[in-house]
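Asks: Have a look at the structure that comes next, please.
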Amino acid sequence: MKQWFTAKEIASALNVVHSTIVRRAEREGWEAQQRMGKGGGYEYHISNLPHEARNALEAQQIAVMMPRLHESKTVITKPASTLQTETSLTHRQRSTADARGTVINAISAMCESGVTKEAAITTLLTQASTGQLESINPVLDAALRLAKDPRGRSVEQYPSPRSIKRWFATDVKNLAPKSKRELKAPVWANAFLMCWSRPEKPSVEHAYRQFSANYEGTPPSIHAVRRFIKKMGNVSKQKGRMGARELKNILPFVRRDFSQLLPADIYSADGHTHDGEVQHPWHGRPFRPEITTFIDIATRRVVGVSVDLAESSIAVLDALISSCTQAVPALIYVDNGGGYANALMKDKATGVMARLGSTMTHSLPYSSQARGVIERVHQTLWVDAAKGEQGFIGKDMDQEAKQGQFKLSRAAVKHGGAMHLMGWSAFMELVNERINWYNARPHSSLPKITDASGKRRHITPDELWQQHQDNGWSPMLLTGDEAAQIFRPRTTRTVNRCEIKFINNIYFSHSLTEWHGEQVHIAYDINDPDAIWVYEPETGTLICKAEWNANKVDYMPKSVIDNAREQRAMGRKRRLEVKLNEVEAELRGRPALEQDEPMYIPGIGAITPDLLSNRMQPVLEEREPVTVSAADRSPAEMTTHERIALYQTYKNGRPVPDAHQFWFKKYSSSKEFTAWARREEEMGPEARTL
C-alpha cells in the first residue's frame, strides 16, 4: 500500500480543504519529501498522520482498487469453479474455489496500483485480522474466510500468506481444495460387516470377536475396524442393523406442496388407540378407546371424528359421516387397514365410496411418512391430551408409574372401589374440546397473517377454511335424504319367499313376491335394526322397506298365554305351600290319638270320630251346577276353573250346545285338563280348589 500521500489526497480522505492540511503539516512538523513529477509540491508519510486519517486513506485506497478489478488483464475474469467442468466438485469445493479467485483478483489489482504482492498480502491479512477489512469491504472479508481450507489444523479464520502465494503458483483449474480421499474398503470389510450388520445390533467388540474367530489369515486390529466404521456414512452404517421400515426414518424424503389445494380436495384419515385408559361405557372397566380422525389437507382442519370401542369399518363410516357434514371430499387418503380396505367402503356395487362419488387412495404398506399430516395430528391432539389426564399409559410414561396406575385401576374393579379413571361422557366432552382447540390455534404449516392486534402469526385452520369461503369457495353438502341413502351400509342378499335373512334377523315384505330366489341389495341402519331398505341390483331403484319379522304372528293369543303362565305360577306356589305346611307339621306336630268317645266343647257341641271323617269326604257333588249359556261366553273366555267345571257338567249328562261340541271333544286331551287331572290324582279333592 502507498506510504506517501499529497495534501490533496489527505484532504479528500478527511473531507477538509487543502490549506487546512498544509497548515497542520507545517505546525506539527510532518515528515515530507519533494513530490516527483509535474506540479511539484510535497508528499507526507503515513506515519505522521493521525489514526483516523490512516483509516480514511486505507478505505479510500481499497475503494479505488475494488471497482478496477474487472479492468485488470492479469486477474481471473470468471469464477474459478466454472473453469473446472471436467471434475466433479462438491458445493463446498466450488465455493472455496470462487473465494480464492476473488482474493487473487483483489491482490492483483492492488499490485497494479504500485503495491508489491508481498505488501498487498500482508496488508490484506492485517486488515482482516484487526477487523478493519470486515467494515471496509465485507465481501472481500467473507471471501477470505471461505478461501481457507477447512481441513487445516490452524485455529485462524483466515489463510496464511504462504497459502495465498501458493494459490498464485497454482493453475486456475486447481484452486478448489482437494476432496477427501475416496474410501477404499479393505479386504476384510465384507467379512466383518457380515458379523456387524445384523438386526441384533451387536457392538463392535462383539462382532469383532466373531469375525476374528472365523477369519482366514491375520485379522486386523479392533482399532483398524473402528476407524473403518467411523469413515462409513451414517446411513451405510445402519444397513442391516435397521429394517427397511426403520431405515426410512433417516433416508431422504419428498415434501408435498398443498398450497394449490382447496378445502375438501383431499381428506386424510387414520385411527389411533388412545394412550390413556377410560371407563368402558357399558360396564365401567378400564379400556382404551379407538379414535378415528379425518383432517382436511388444504386447511389442516379436523373435519370429522368418531370414538368407538375398537377399530372397525363402522367406526370409519361414523367418522366419514361426521366429516361430510362439513364438506364432501373429492379424495380420501388412508392406509391399508381393515377399517378402510373392505367391501363396505370400496365395493363397486354396494360400497359407500361408489355412492358418495369420492375416491379412496391408499398409501404404500409401511409408509406412514407419506401420511405425516394425520400422524402428527395424533401427537398434537390425542397423545398430548392423554398426558394431561389420569390413566395415561403411553410409551413416555415411566414404567414404574405405569405399573402402579394399572394396579390401582384393577384393584378398584376387583374390590368395587372408586374408579379414578375418566368416565365415558367426560371423555367425549374432552374429544370435542380438543377438536375445537386444535382448529382455533395457529398452525405452523399454514401461511402467516397479521391479526387485528398487529401481531404476525400463522393462520388457524378455522380462519383459512373461512377465508376460502369468503373467496368464493362453497362446500358440497348432502341433504338429509341423500345422506341417509349414501351412508346406510349395503350388502347383497337372496330373497326367499319374501323373506331376507340378515345378521340373524328375518325381514319381510309382500313387495318381494316376484323377487323369490334372486339377489338384491339391502341397506341397513347401523343403529336401528327394525327395518332394511331393498334395492334393485342393476338400477339401484328402491323396491321396498322390509320390516323385521313382519310376517310373524303369535302361536297363541297373548291373553291365553299370559293366563296360562299365571295359572302355572299359582299352581307351583300352592304346591310349595302344601309342602311347607307338611314340613312345619313334621317339625311341630304330635302323634294323633285315637278318639273313641265323643268330645264336648262349649259353644260347639259334641265332636265324634264320624263327624271328623265326614269332613274329609269330597264336596264337589254339593256344588251347584254351573249354568252356562252358549250364546253368552265361549270356553276361550272362561277361566281354568270355569272350563273344568263346564266340562264335568257336560260329562255328567248336561246337553252340550253346538258351539261347544268341538271343544268338549278335544278338551279332555288338552294340556290344561291333563295337568288338572294329574293334580287331582296326587292331591285328592284339594286339587279342585287350586
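Asks: Return the subset of Lys387/Lys448; Lys348/Lys545; Lys184/Lys395 for which the Cα-Cα distance in this structure is over 32 Å, preserving the input order.
Replies: Lys184/Lys395
Asks: Which GluC sites (Glu not before Pro) does the range 168-268 hold that lie in a coil by DSSP with at most 16 other beta carbons within 10 Å?
Replies: Those that pass, being in a loop and sparsely packed, are Glu182, Glu200, Glu216.
Asks: I would also like to ask the following. Set Lys and Arg Cβ to +1 and Asp and Glu Cβ to -1, take the dipole of the range 469-544 about its Cα centre, and tell me which of Asn504, Asn471, Cys544 lies farthest positive.
Replies: Of Asn504, Asn471, Cys544, it is Asn504.
Asks: Can you give me the long-range amide H partners of Ile332? Hydrogens built in the peptide plane at 1.01 Å from N, cutoff under 5 Å, separation of 5 or more residues or another chain.
Replies: Those qualifying (amide H under 5 Å, at least 5 residues apart or on another chain) are Tyr267, Thr359, Met360, Thr361.
Asks: Amide H neighbours of Thr6 under 5 Å, at least 5 residues apart or on other chains, H built in the peptide plane: list them.
Replies: For Thr6, the qualifying residues are Tyr44.
Asks: Set the Förster radius R0 to 25 Å, insert the Cβ-Cβ distance between Thr273 and Ala401 as r into 1/(1 + (r/R0)^6), and round the FRET efficiency to 0.05.
Replies: Efficiency, rounded to the nearest 0.05: 0.80.
Asks: For the range 430-522, which GluC sites (Glu not before Pro) pass both filters: DSSP loop (anything but H, G, I, E, B) and at most 13 other C-beta atoms within 10 Å?
Replies: Answer by residue number: Glu518.
Asks: Taking the simple approach of a point 7 Å from Cα along Cα-to-Cβ for both Trp424 and Arg285, what is their distance in nm?
Replies: Taking the two extended label points, one gets 1.4 nm.
Asks: Given R₀ = 25 Å, what would the calculated FRET efficiency be for Ala32 paired with Thr130, taking r from the Cβ atoms and rounding to 0.05?
Replies: That gives a FRET efficiency of 0.35.
Asks: I would also like to ask the following. Taking just the alpha carbons, could you work out the radius of gyration and Dmax for the range 244-326, both in angstroms?
Replies: Rg, Dmax (Cα atoms, Å): 16.3, 49.
Asks: How charged is the neighbourhood of Val373? Take every other residue with its Cβ under 14 Å from the Cβ of Val373, and add Lys/Arg as +1 and Asp/Glu as -1.
Replies: 0
Asks: Under the rule of at least 5 residues apart or a separate chain, name every residue whose amide H is placed under 5 Å from the amide H of Ile543.
Replies: Val534, Tyr535, Glu536
Asks: Further, regarding this structure: How long are the three semi-axes of the equivalent ellipsoid of the range 408-498, in whole Å, if each is the root of 5 times an eigenvalue of the C-alpha gyration tensor, listed from largest down?
Replies: Taking √(5λ) for each Cα gyration eigenvalue gives 39, 34, 10 Å.
Asks: Can you give the Rg to Rh ratio of the range 461-529, both from alpha-carbon atoms, with Rh computed by the Kirkwood formula?
Replies: My calculation of the ratio gives 1.30.
Asks: Where in the range 277-346 are there chymotrypsin sites (Phe, Trp or Tyr not before Pro) that are in a DSSP coil and have at most 16 other Cβ atoms within 10 angstrom of their Cβ?
Replies: Of the chymotrypsin sites (Phe, Trp or Tyr not before Pro), the ones in loops of the range 277-346 whose Cβ has at most 16 other Cβ atoms within 10 Å are Trp282.
Asks: Taking θ as phi - 60°, what are the ³J(HN,Hα) couplings along the range 284-295 by the Karplus curve (6.51, -1.76, 1.60), each to the nearest whole Hz, with x for Gly and Pro?
Replies: Using θ = phi - 60°, the values come out as x, 7, x, 7, 10, x, 9, 10, 9, 10, 10, 10 Hz.
Each reported figure results from applying straightforward, stated rules to the coordinates on display, with no laboratory input. No experiment lies behind these values; they were computed from the predicted model shown. All Cβ positions, glycine included, derive from the backbone under ideal geometry; neighbour counts span all protein chains shown.
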